[in-house]
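The values are calculated or read from the model by the stated rules, or taken from the named source; none is laboratory data. Here the structure is a predicted model, which means the values were calculated and not measured. Positions of Cβ are backbone-derived with ideal geometry, glycine not excepted, and every protein chain shown enters the neighbour counts. Side chains included, ligands, DNA and RNA excluded: accessible areas come from the protein's heavy atoms. Shrake-Rupley method; radii C 1.70, N 1.55, O 1.52, S 1.80 Å.
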Amino acid sequence: MKILLMGNAGAGKTTLGRALRQGRDWPLLSLDQVAFAEGAERRPLSESVAAALSLVQGHEDWIIEGCYADILEALLPHGDTLIFLNPGVATCVAHCRQRPWEPDKYATAEAQDANLEMLLDWVGQYASRADEYGLAAHRRLYAAYAGRKFEFTRPTPDMAARVLGATAAT
């Protein structure tokens, strides 16, 4: 399977990605790894897309997750399944507050905690943002995608099984 997962920060993309690949030798790429240079500076879009495409072209099955509609749009032709996690801002905020330390993103748990208020503010703007991270951009990609797709508005323990076992879009 070639799975693209999108949604707001805190929507559960990484968690679902891990559940989907459980017991499988599928690479899981967070677009955070290819979207940024040092610090908070975005890499040029072409570089981010090229880095993600190197994973796509090197593996039969894969999972890519992120909130970057601009990168995801370039990857859509390579995927066979699009998953839109859209549980609402309140759920995303709660998930961000409960998130354990992510050593791949932050040097220390304290550094992650220091960024929390900024993250919560950013997550809270999801519905009103007009950029590639916002609901409108995600909604546009989802509506335009003609392949197998799912939109989940409530996190449930069976989401991975539903995706892996389904044959039709829901």
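Determine the gain in length on full extension of the stretch GLU47-ALA107; use 0.36 nm per residue of separation and subtract their C-alpha separation, reporting nm with one decimal. Can you show the working numbers first?
Values: separation 60, 0.36 × 60 = 21.60 nm, distance 2.45 nm.
Result: 19.1 nm gained on full extension.
Could you tell me the relative contact order of segment 1-48? Use alpha-carbon pairs under 8 Å, at least six residues apart, and round to a whole percent. It would help to have the intermediate numbers written out before the result.
Details: 20 pairs, mean separation 9.4, N = 48.
Reported relative contact order: 20 percent.
At 222 nm, what value in deg cm²/dmol follows for the chain if DSSP H runs of at least 4 each add -39500 (n - 2.57) and the sum is divided by all its residues, to the nearest 500? Don't skip to the answer; put the middle values down first.
On the way: 9 runs with 76 residues, N = 170.
Using -39500 (n - 2.57) per qualifying helix, the result is -12500 deg cm²/dmol.
Amide H neighbours of GLU65 under 5 Å, at least 5 residues apart or on other chains, H built in the peptide plane: list them.
Those lying under 5 Å, H to H, from GLU65 are LEU5, LEU29, SER30, LEU31.
Take every DSSP beta bridge with both residues inside the chain and express the antiparallel ones as a percent of the total, to the nearest 5. Don't skip to the answer; put the middle values down first.
Values: 1 of 19 bridges.
Roughly 5 percent of the DSSP beta bridges within the chain come out antiparallel.
Ordering MET118, MET1 by how much accessible area each has at a 1.4 Å probe, largest first, what is the list? Mind dumping the intermediate values first?
Working: MET118 105, MET1 50 Å².
Ranked list, largest accessible area first: MET118, MET1.
Under the 0.36 nm per residue contour assumption, what length would be gained going from the current alpha-carbon distance of ASP80 and ARG162 to full extension?
28.0 nm
May I ask you to give the solvent-accessible area per residue for segment 30-144, in square angstrom, as obtained with a 1.4 angstrom probe? Present the calculation step by step, with values, prior to reporting the outcome.
Details: 5910 Å² over 115 residues.
About 51 Å² of surface per residue is accessible.
Over all directions, the average projected area of the alpha-carbon convex hull for segment 117-170 comes to how many nm²? Provide the component values of the computation, followed by the final result.
Details: hull surface 19.6 nm².
Convex hull of Cα atoms, orientation-averaged projection: 4.9 nm².
Express the carbon and sulfur contribution to the solvent-accessible surface of the chain as a percent, rounded to the nearest whole number, probe 1.4 angstrom. Mind dumping the intermediate values first?
On the way: 4690 of 8660 Å².
Heavy-atom surface of the chain belonging to carbon and sulfur, 1.4 Å probe: 54 percent.
Report the Cα centroid-to-centroid distance between segment 140-159 and segment 1-77 in angstrom, as an integer.
16
Please list, in chain and number order, the residues 5+ apart from PHE36 or on another chain whose amide H is under 5 Å from its amide H, with Hs placed from the backbone.
Amide H neighbours of PHE36: ARG43.
Residues of segment 107-139 with amide nitrogen under 17 Å from the 7 Å Cα-to-Cβ point of PHE36?
Answer for segment 107-139: 107-124, 132-134.
Per the Kirkwood formula on distinct C-alpha pairs, the Rh of segment 70-111 is how many angstrom?
On the way: mean 1/r = 0.0754 Å⁻¹.
Its Kirkwood hydrodynamic radius stands at 13.3 Å.
Show me 30-37, 50-57, 19-26 ranked by packing, highest mean number of other Cβ atoms within 10 Å first.
Working: 30-37: 17.4, 50-57: 15.8, 19-26: 13.6.
Packing order, densest peptide first, comes out as 30-37, 50-57, 19-26.
Once all Cα-Cα distances of the chain are split into 10 Å bins that start at 0, what whole-number percent is in each one?
With 10 Å bins starting at 0, P(r) equals 10, 39, 39, 11, 0.
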